[in-house]
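J.: Sharing a structure with you now.
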Amino acid sequence: MDRNDSHEHHHSHNHHEHEQVGHVHLPEDRISISTHEESIIAVFKSHIAAPYQEAVGIVGRGMKNVAEEVVENGGIIGHIKSFVIAEGERCMISISDAGTEAQEKHIPGESANFELVVIVFHVDEDTLRGIIHSIFPE
């Protein structure tokens, strides 16, 4: 085995240990933090008591604020992504006569759930956690 083979094996071993050791999950604040090489990855799940379109706007503005705060704290944005799901949206479909088309009445949901994933570099875990909490208070 030459020196390069030994280094590659050692690097692979440390990488695996780093992923296991770097993972911290604190369910009480709904933020899961993990590390991968030099990046910090935060996953945040929450609920917004607002109609879907309003919730989408709130999350979008919040994501922009997270990005600005990360940069202000000397960090570099890797990626910020969110998925918003409407909760409670319903549709009533009715027919009052055999000769008429079905009528639909859509009833919008009054809340939404979302998941936010933030991948950054050069920001420590506590700072990232604080940024997310300040922008998306629970």
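Every number in this text was worked out from the coordinates using simple rules, so none of it is lab data. Just so you know, these numbers come straight off a predicted model, no measurement behind them. Every residue, glycine as well, gets a Cβ built from its backbone with ideal geometry; the counts of neighbours run over all protein chains shown.
J.: Having 3 or more residues that are among the hydrophobic types (A, V, I, L, M, F, W, C) and crowded, with 16+ Cβ neighbours inside 10 Å is the bar; report the strands (runs of 3 or more DSSP E) wholly within the range 25-138 that clear it.
T.: 39-48, 76-87, 111-121
J.: Report every pair of residues separated by at least 6 positions or lying on different chains whose Cβ atoms are under 6 Å apart, first residue within the range 38-67 and over 16 Å from residue 117 (Cβ atoms), second of a type in the set (Gly, Ala, Ser).
T.: Listed by first residue and then by second, the contacts come to 48/55; 48/112; 49/111; 52/86; 52/109; 52/112; 55/112.
J.: Exactly one of these conditions fails for residue 81: (1) out of contact with any Phe, Trp or Tyr (no Cβ under 8 Å at 6 or more places or on another chain); (2) more than 24 Å from residue 36 (Cα to Cα). Give me its number.
T.: (2)
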